[in-house]
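All of the numbers you see were taken from the coordinates with simple rules; none came from a lab. Treat the numbers as computed from the prediction; the structure is a model and nothing was measured. Here the Cβ positions follow ideal geometry from the backbone for every residue, glycine too, while neighbour counts run over all protein chains shown.
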Amino acid sequence: MTEQIDIPATILDMADVPLPSWVEGRSLVPLMQGNSLPPRPVFSMALEGQAIQGQKIAAGKFAIWEGDYKLIYQLEEEKSLLFNLKTDPGELNNLFYKEHDMGQNFLSIIKMNLQKANERIIE
């Protein structure tokens with residue numbers, strides 16, 4: 001799986017321009033050349049309201065996919081939904097409490113990334 005944040009890294013790599021340290025994505029050139037990349041979680045977010053410099057992210061939905069699993073976290077409600085996309089592609093059965101360890105692992109990754117984003121906003 002790839003993310004939109006991989007596009008700038010890929011374009012810079014194709015142009016033979018070194019990646020700046022602030023680029024979060026990774027180049028997809030190896031995939032284009034028939035090679036593979038190590039798997040990693042894929043993130044998505046839908047922020048509500050307007051992000052203003054100096055104001056923390058306080059509303060929105062965040063998601064992380066890895067393998068067959070996807071976790072959706074609703075920030076305002078602090079609600080977590082975990083789905084196995086292989087067995088439940090319609091995302092109808094919330095497994096967050098049944099597969100608590102996996103859900104907590106995904107949730108901690110989302111919260112860590114949210115904290116990093118908020119630290120950058122506050123700076």
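Report those strands (runs of 3 or more DSSP E) wholly inside segment 11-123 carrying at least 1 residues which are surrounded by fewer than 13 Cβ atoms within 10 Å (Cβ to Cβ).
Details: elements: 42-47, 60-66, 69-74, 79-84.
Those strands (runs of 3 or more DSSP E) span 42-47, 79-84.
Of the residues that sit in segment 91-123 and are over 13 Å from the mean Cα position of the chain (by Cα) and among the aromatic types (Phe, Trp, Tyr), which one is farthest from Ser44 (Cα to Cα)?
Going through the qualifying residues, I end up with Tyr97.
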